[in-house]
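Everything below concerns the one structure shown next.
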2 protein chains.
Amino acid sequence: MTKPRSRRGGGRPTIADVARKAGVGAITVSRALREPGRVSEDLRRQIQAAVDELGYLPDPNARALASARAEVFGVLVPSLTNSVFAEVLRGIYDSLSDSSYRIQFGNTHYSGLEEERLLQVFGPQRPAALIVAGIDQTPISRRLLETAGCPVVQVMETGPDPVDMMVGFSHLDGGRAATEHMIEMGYRRIGFIGARMDPRSQRRLAGYRAAMEAAGLFDARLVTTTPVPSSVTLGRELFRDALAKMPTLDGVFCNNDDIALGALFECHRASIAVPKTIGITGFNDLDMMEVAFPSITSIRTPRYEIGRLSVAMALAAIAGQRPQDPVVDLGFELRCRESTAR
Amino acid sequence: MTKPRSRRGGGRPTIADVARKAGVGAITVSRALREPGRVSEDLRRQIQAAVDELGYLPDPNARALASARAEVFGVLVPSLTNSVFAEVLRGIYDSLSDSSYRIQFGNTHYSGLEEERLLQVFGPQRPAALIVAGIDQTPISRRLLETAGCPVVQVMETGPDPVDMMVGFSHLDGGRAATEHMIEMGYRRIGFIGARMDPRSQRRLAGYRAAMEAAGLFDARLVTTTPVPSSVTLGRELFRDALAKMPTLDGVFCNNDDIALGALFECHRASIAVPKTIGITGFNDLDMMEVAFPSITSIRTPRYEIGRLSVAMALAAIAGQRPQDPVVDLGFELRCRESTAR
DNA sequence: ATGGCAGATGGTAGCGCTACCCATAACGTC
DNA sequence: GACGTTATGGGTAGCGCTACCATCTGCCAT
């Protein structure tokens with residue numbers, strides 16, 4: 001009569017239970033929880049008491065269905081092995097841990113197809129916001145993002161044509177700055193070694209090339225790359241390859257810090273003096289660069305900050321505050337260290 | 001008349017649209033999608049055609065509400081900076097990417113309170129399974145896990161009293177094995193240096209102590225620890241502290257590989273011969289241990305495999321297949337390298 | 001011929017919440 | 001004193017899906 005069916009949910013209190021106990025309507029409970037300002041002080045207290053007593057927790061699934069909006073941030077990164085993305089994720093996480101938003105994440109494995117698949121999985125859920133790494137989405141992914149009906153933040157890079165918002169920095173400028181630094185320090189036969197060669201790596205390479213050409217130093221044989229995923233081990237191998245191909249090498253700009261570390265270790269092993277015989281520059285400035293012996297010059301990238309700011313922008317957009325400039329360039333910083341101090 | 005209200009959802013096709021187009025009942029569409037075996041070949045084809053034509057995607061929120069079960073795996077890890085957990089996450093992710101399960105993750109920051117909060121956020125959503133790192137949950141967290149109404153896998157460690165299932169290895173045995181190896185290699189004044197000192201680090205320390213005591217070598221002044229989060233930088237500092245405290249040190253077993261790398265770099269910097277003057281052993285066996293110069297002895301831990309197996313066990317449990325043994329010890333492996341080859 | 005039973009399909013009634021609209025009271029304003 | 005206007009609360013009707021039960025068909029055993 002009262003309960004036509006044993007409750008499927010397993011007997012957890014519902015909003016109706018709270019409403020009954022507090023002697024108010026269910027809607028008022030809903031409002032008291034979501035927009036306390038619209039409910040009088042008295043009722044709010046009464047309702048809070050009922051909530052506490054019953055241990056009521058709103059059902060996020062019912063909420064999502066009724067409001068056509070899930071309290072979920074979807075986050076797409078291309079890799080979990082690469083600690084750079086772990087840091088972005090950490091920034092995202094830390095900025096969201098006060099809120100009731102949950103984080104759902106997807107690993108695209110640097111694949112456009114996989115990214116499309118994941119967007120198709122995330123979309124129907126109507127997430128509160130989407131944060132995706134990179135700016136080179138496939139046309140299908142782009143359309144999925146545009147029609148997602150929620151704020152979208154592309155992170156890690158900036159570019160001219162945001163789907164919605166962007167937070168990042170210029171990899172091309174970073175690559176150029178690193179290379180110019182080495183040229184300034186007197187290196188001439190500067191190699192580029194890079195793994196994975198995703199779009200961001202490509203742009204770092206382009207920056208390297210621009211700097212080298214501007215100085216009249218570019219030589220295609222100085223470039224050693226592979227699509228294989230980056231690792232310290234691979235860094236060592238690539239460095240050996242580069243040196244074999246070009247024995248007069250006097251410096252290397254590495255795609256990232258893992259590669260740089262591998263190169264450094266190989267120098268140790270082969271008794272090549274760093275920075276005297278060969279200079280080394282990394283990219284990202286992981287913690288270990290400072291500590292390495294010799295310490296390694298690198299480009300500090302604002303990974304954690306990118307995560308934090310992307311969330312801040314998304315939350316502002318959810319609250320209806322569109323930023324004046326949807327594209328934010330957080331820049332980077334050259335950290336000169338022993339490995340290029342000739 | 002037909003549509004009493006403009007559709008809140010924004011006009012995406014619903015199951016009713018598919019049913020109408022295929023000329024069947026909504027329930028049959030639902031069944032065709034979830035348990036194809038229970039629908040005749042003919043209708044299945046018809047329904048599939050309608051689904052394709054409309055581009056129908058089921059609404060996961062509605063599904064979750066109606067079935068009191070969300071297609072979500074909740075994953076709780078204590079850190080994102082520590083690449084060990086990134087690897088576990090990767091294993092979890094890779095095992096789930098074929099399925100329609102989504103992954104929601106939480107970062108407990110090594111805090112029991114934060115873990116409780118996150119479980120309280122995850123619970124009401126009725127996830128399909130929960131994967132949590134560690135076995136030292138607070139009583140409240142434990143109860144939340146027990147009453148979650150879904151499979152629970154505790155990962156990274158094994159222990160006697162699983163909430164439900166466990167996948168991991170013995171950190172105590174790992175610590176002991178590393179220490180015994182150093183003793184065998186002729187080291188005597190072996191220090192332990194450790195950061196963070198979470199429960200797993202504590203057990204590695206206990207293993208170290210057991211081995212040292214068994215050999216009559218233990219001395220409390222050999223132990224240098226800090227609750228500060230681990231990093232390569234910190235490894236260097238701790239190593240210096242340890243050496244200052246105990247100048248006769250002839251070896252160190254490091255809490256983890258970051259610390260070991262910091263110690264190695266400090267040895268380079270201070271011109272301390274490794275492995276001759278001081279031996280170094282790490283823990284986890286990250287990629288870089290093999291490449292370092294000298295290469296660093298470490299304990300290989302099955303991080304990725306833990307992630308994969310935890311998902312496999314959870315999926316089996318969801319399918320109703322309880323494992324014969326709910327606790328799986330994946331073991332570890334000592335990798336002897338140059339840093340302890342005296 | 002009857003009953004029974006399995007397999008295939010459909011109808012009804014929610015799951016727990018919120019959007020939308022309405023009711024009421026307490027104040028003004030002119 | 002009629003008419004807003006604001007603040008506060010409630011009722012109704014779904015959101016899109018699935019659990020539960022009913023129905024219908026065909027086929028076998030009796």
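Yes or no, residue by residue, for (1) closer than 21 Å to A:Asp287 by Cα; (2) within 21 Å of the chain's Cα centre (by Cα); (3) not hydrophobic (A, V, I, L, M, F, W, C):
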{"position": "B:Arg204", "(1), (2), (3)": "no, yes, yes"}
{"position": "B:Ala220", "(1), (2), (3)": "no, no, no"}
{"position": "B:Thr248", "(1), (2), (3)": "no, no, yes"}
{"position": "B:Gly251", "(1), (2), (3)": "no, no, yes"}
{"position": "B:Ala270", "(1), (2), (3)": "yes, no, no"}
{"position": "B:Gly279", "(1), (2), (3)": "no, no, yes"}
{"position": "B:Asn284", "(1), (2), (3)": "yes, yes, yes"}
{"position": "B:Ser295", "(1), (2), (3)": "yes, no, yes"}
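Is segment A:215-227 home to any residue that is within 13 Å of chain B (Cβ to nearest Cβ) and either touching a strand residue (DSSP E or B) at 6+ places or on another chain (Cβ under 7 Å) or at pLDDT below 95 (or both)?
So in segment A:215-227, the residues within 13 Å of chain B (Cβ to nearest Cβ) come out as none.
Taking every residue of segment A:215-227 in turn, none turns out to be within 13 Å of chain B (Cβ to nearest Cβ) and either touching a strand residue (DSSP E or B) at 6+ places or on another chain (Cβ under 7 Å) or at pLDDT below 95 (or both).
Among the residues of segment A:291-306, what is the count of those that are surrounded by fewer than 23 Cβ atoms within 10 Å (Cβ to Cβ) and more than 12 Å from chain B (Cβ to nearest Cβ)?
3
Just to confirm my filter: which helices (runs of 4 or more DSSP H) fall fully inside segment A:14-68 and include at least 1 residues that are among the hydrophobic types (A, V, I, L, M, F, W, C) and touching a Phe, Trp or Tyr at 6+ places or on another chain (Cβ under 9 Å)?
Numbers: elements: A:15-22, A:26-34, A:41-54, A:60-67.
Helices (runs of 4 or more DSSP H) meeting the threshold: A:15-22, A:26-34, A:41-54.
Check B:Leu119 against each of (1) more than 9 Å from every other protein chain (Cβ to nearest Cβ); (2) under 11 Å from the mean Cα position of the chain (by Cα); (3) of a type outside the set (S, T, N, Q) and name the one condition it does not meet.
(2)
Which is part of a helix (DSSP H, G or I) and modelled with pLDDT under 95, of B:Val121, B:Val88? Quick ask: steps written out before the conclusion?
Numbers: B:Val88 fails: modelled with pLDDT under 95.
Checking each option against the conditions leaves just B:Val121.
Filter segment A:98-112 for residues that are under 24 Å from A:Asp258 (Cα atoms) and either facing chain B (nearest Cβ under 9 Å) or touching a helix residue (DSSP H, G or I) at 6+ places or on another chain (Cβ under 7 Å) (or both) and give the result. Steps first, please.
So in segment A:98-112, the residues under 24 Å from A:Asp258 (Cα atoms) come out as A:106-111.
Those that are under 24 Å from A:Asp258 (Cα atoms) and either facing chain B (nearest Cβ under 9 Å) or touching a helix residue (DSSP H, G or I) at 6+ places or on another chain (Cβ under 7 Å) (or both): A:Gly106, A:Asn107, A:Thr108, A:His109.
Would you be able to say whether some residue in segment A:138-159 is more than 19 Å from the chain's Cα centre (by Cα), more than 13 Å from every other protein chain (Cβ to nearest Cβ) and closer than 18 Å to A:Asp198 by Cα?
yes
Table: residues versus (1) away from DNA strand C (no atom under 13 Å from the Cβ); (2) within 9 Å of chain A (Cβ to nearest Cβ).
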{"position": "B:Val18", "(1), (2)": "no, no"}
{"position": "B:Pro36", "(1), (2)": "no, no"}
{"position": "B:Ala49", "(1), (2)": "yes, no"}
{"position": "B:Asp59", "(1), (2)": "no, yes"}
{"position": "B:Arg63", "(1), (2)": "no, yes"}
{"position": "B:Glu71", "(1), (2)": "yes, no"}
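The rows are residues; the columns are (1) under 26 Å from B:Leu234 (Cβ atoms); (2) small (Gly, Ala, Ser); (3) surrounded by 20 or more Cβ atoms within 10 Å (Cβ to Cβ).
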residue	(1), (2), (3)
A:Met212	no, no, yes
A:Thr224	no, no, yes
A:Thr248	no, no, no
A:Asp258	yes, no, yes
A:Ala270	no, yes, no
A:Leu286	yes, no, yes
A:Met289	yes, no, yes
A:Gly320	no, yes, no
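Just checking, how many residues over segment A:159-185 are over 30 Å from B:Arg12 (Cβ atoms) and at pLDDT 95 or above?
Residues flagged as over 30 Å from B:Arg12 (Cβ atoms) and at pLDDT 95 or above within segment A:159-185 amount to 18.
Go through segment B:269-289 residue by residue and tally those that are within 23 Å of B:Ile183 (Cβ to Cβ) and charged (D, E, K, R).
Initially, segment B:269-289 is screened for residues within 23 Å of B:Ile183 (Cβ to Cβ), giving B:272-285, B:289.
Those left that are additionally charged (D, E, K, R): B:276, B:285.
Going through segment B:269-289 one residue at a time, the tally reaches 2.
Looking only at segment B:229-267, which residues are closer than 20 Å to B:Phe293 by Cβ and among the hydroxyl-bearing types (Ser, Thr, Tyr)?
B:Thr233
How many of the residues in segment B:191-209 are assigned to a helix (DSSP H, G or I) and under 15 Å from B:Ile299 (Cβ atoms)? If you could, list the steps in order and put the result at the bottom.
Going residue by residue through segment B:191-209, those that are assigned to a helix (DSSP H, G or I) are B:199-209.
Filter once more, keeping what is under 15 Å from B:Ile299 (Cβ atoms): B:200-201, B:203-208.
Qualifying residue count, segment B:191-209: 8.
A:Arg196 versus (1) on the phi > 0 side of the Ramachandran plot; (2) surrounded by fewer than 17 Cβ atoms within 10 Å (Cβ to Cβ): which is the lone unmet condition?
(2)
Given A:Ser79, A:Ser95, which one is more than 8 Å from every other protein chain (Cβ to nearest Cβ), polar (S, T, N, Q), more than 30 Å from A:Gly194 (Cβ to Cβ) and away from DNA strand C (no atom under 11 Å from the Cβ)?
Working: A:Ser79 fails: more than 30 Å from A:Gly194 (Cβ to Cβ).
Just one listed residue meets the conditions, A:Ser95.
Could you list, in sequence order, all residues of segment A:91-108 that are part of a helix (DSSP H, G or I) and of a type in the set (A, V, I, L, M, F, W, C)?
Of segment A:91-108, the ones part of a helix (DSSP H, G or I) are A:91-96.
Once the filter is applied, which keeps residues that are part of a helix (DSSP H, G or I) and of a type in the set (A, V, I, L, M, F, W, C), segment A:91-108 yields A:Ile92, A:Leu96.
Could you look through segment A:48-61, keep only residues that are farther than 29 Å from A:Gln125 by Cβ and within 14 Å of DNA strand D (Cβ to nearest atom), and pick out the one that is surrounded by the most Cβ atoms within 10 Å (Cβ to Cβ)?
To start, the set of residues in segment A:48-61 that are farther than 29 Å from A:Gln125 by Cβ comprises A:48-50, A:52-53.
Of the ones still in play, those that are also within 14 Å of DNA strand D (Cβ to nearest atom) are A:48, A:50.
Values: A:Gln48: 16, A:Ala50: 21.
Going through the qualifying residues, I end up with A:Ala50.
Which ones in segment B:100-123 are in contact with a strand residue (DSSP E or B) (Cβ under 9 Å, 6 or more places away or on another chain), under 28 Å from B:Arg34 (Cα atoms) and not charged (D, E, K, R)?
To start, the set of residues in segment B:100-123 that are in contact with a strand residue (DSSP E or B) (Cβ under 9 Å, 6 or more places away or on another chain) comprises B:101-108, B:114-115, B:117-119, B:121-123.
Retained after the next criterion (residues that are under 28 Å from B:Arg34 (Cα atoms)): B:101-105, B:121-123.
Scanning segment B:100-123 gives B:Tyr101, B:Ile103, B:Gln104, B:Phe105, B:Val121, B:Phe122, B:Gly123.
Inside segment A:223-342, counting only helices (runs of 4 or more DSSP H) that do not spill past its ends, which hold 1 or more residues that are in contact (Cβ under 8 Å) with a residue 40 or more places away in the chain and among the small types (Gly, Ala, Ser)?
Details: elements: A:232-245, A:257-269, A:287-291, A:303-318.
The helices (runs of 4 or more DSSP H) meeting that bar are A:232-245, A:257-269, A:303-318.
The values are calculated or read from the model by the stated rules, or taken from the named source; none is laboratory data. What you are looking at is a predicted structure, and each value in this text was computed from that prediction instead of being measured. Every residue, glycine as well, gets a Cβ built from its backbone with ideal geometry; the counts of neighbours run over all protein chains shown.
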